[in-house]
Amino acid sequence: MQLFVKAGISLLLITILVFRIEWQDVWGHLREINIWLIVVCIGLQILVYLIGTRRWALLLALHRLGHRFKDLAVMYLIGALFNNLLPSSSGGDLLRAYFVYKQKHGIAIAVSPIFTERVIGLVTLIGLAAIAVSIVQTSHPVAETFKTLLPVLFAISVLCLVLIGHRKTYRPVHRFFQRWRRVKAVDAILHIAEANHRYLNEPRVLIRLVALSLILQGIEIVLFYLLGYGVGADLEIGHYMVVVPLLFVAAALPITIGGLGVREAAAITLFGLHGMAEEHAATVMVLFLVVLLVTSLPGLYFFLRMKGHKDFLTQASHTKGLPL
């Protein structure tokens with residue numbers, strides 16, 4: 001049922017955009033794009049996946065499980081395939097978690113690294129946008145509101161991480177919920193919280209995790225800037241530093257399939273607030289979908305080559321206790 005709701009929302013948003021955009025102008029920009037620029041963007045997106053794998057591996061290494069980077073990279077690419085393209089109840093994060101869980105490592109070790117990397121990535125996104133929005137000049141009143149909103153959101157996000165990471169705030173809350181530990185779901189959440197608390201108390205790991213997240217998001221910003229440049233959009237890179245993080249925050253909302261529809265609607269709206277023509281923004285998002293399609297093909301290849309891939313997908317979809 002959830003899958004059909006997400007598909008319906010994606011379809012509704014795409015339909016609205018289809019009737020709103022002047023597709024003749026978009027097609028004209030697409031015909032003029034330099035193919036080598038798309039090749040470069042594909043390479044950058046693959047690099048994003050590899051950095052994402054490194055982020056995941058960094059946290060898993062704390063548990064000394066002995067996973068090879070190559071195996072994790074293959075699983076990350078499979079996860080990207082399901083996150084980006086395939087309408088399935090098994091999202092890419094769930095498949096990655098199940099990959100660890102099925103090796104008898106437990107729910108906490110399977111879920112916590114993914115949860116932590118996602119949270120740190122989200123906070124990094126908000127932080128980048130908060131810094132950029134204070135520098136970029138814009139006259140649109142809606143865009144101006146972000147100058148107040150984003151720093152506040154970033155401060156709240158950092159405060160939440162401090163509350164989870166600091167012993168004096170974490171321990172009382174943890175002890176409070178321990179009284180319900182006999183409930184399986186509560187016990188799983190407490191185990192995940194314990195692992196995340198441990199990660200946040202590893203300064204070197206945390207610094208590297210933030211650094212990798214900054215590099216990853218920086219590459220995505222450059223990717224979008226190149227696509228915008230390729231279609232003739234006259235927009236300084238500072239505007240991309242505000243808009244692109246917000247696009248990925250919007251796409252992370254679990255209301256559509258792979259962020260499809262909400263990401264494109266957010267792009268056209270936010271780029272428009274910063275002065276990009278609607279047809280340019282639409283063309284950029286069409287090209288980004290092409291980049292996602294091409295870079296998801298390796299994940300499809302590795303998934304089809306996986307021994308018992310159908311059983312793996314079925315078991316992941318029906319595994320109880322993985323809160324992803």
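Structural remarks
- Nonlocal Lys pairs with alpha-carbon distance under 24 Å, the chain (8 or more apart, or different chains): 17
- Against the chain, whose longest principal axis is taken from its Cα atoms, helix 278-305 shows a tilt of about 40°.
- Cα-Cα separations in segment 171-245 greater than 21 Å, expressed as whole percent: 55
- The protection proxy used here, the mean number of other Cβ atoms lying within 10 Å of each residue, ranks peptides 107-119, 41-53 as follows, highest first: 107-119, 41-53.
- Modelled this way, with points 7 Å down the Cα-to-C-beta line, the labels at LEU37 and LEU122 are 3.4 nm from one another.
- Estimated FRET transfer efficiency when R0 is 30 angstrom, pair LEU47-GLN24 (beta carbons, to 0.05): 0.30
- Sequentially through segment 104-112, phi angles give Karplus couplings (6.51, -1.76, 1.60; θ = phi - 60°) of 6, 9, x, 5, 4, 5, 6, 8, 4 Hz, Gly and Pro residues having no value and appearing as x.
- Tilt relative to the chain, helix 23-32 - C-alpha long axis, 0 to 90 degrees, to 10: 90
- The phi torsions of segment 63-71, fed into the Karplus equation with coefficients 6.51, -1.76 and 1.60 and a -60° offset, translate into couplings of 8, 6, 8, x, 6, 7, 4, 4, 5 Hz, rounded to whole numbers, with Gly and Pro shown as x.
- Interatomic Cα distance distribution for the chain, bins of 10 angstrom, percent: 5, 24, 33, 25, 11, 2, 0
- Peptides ranked, highest mean first, by Cβ atoms within 10 Å: ranges 208-216, 120-128, 20-28: 120-128, 208-216, 20-28
- Calculated mean residue ellipticity, 222 nm, the chain: -27000 deg cm²/dmol, from DSSP H runs (n ≥ 4) at -39500 (n - 2.57) each, averaged per residue and rounded to 500.
Every number in this text was worked out from the coordinates using simple rules, so none of it is lab data. Bear in mind that the values here come from a model prediction, so they are computed numbers and not experimental data. Neighbour counts are summed over all protein chains in view; Cβ atoms, including those assigned to glycine, are modelled from backbone coordinates with ideal geometry.
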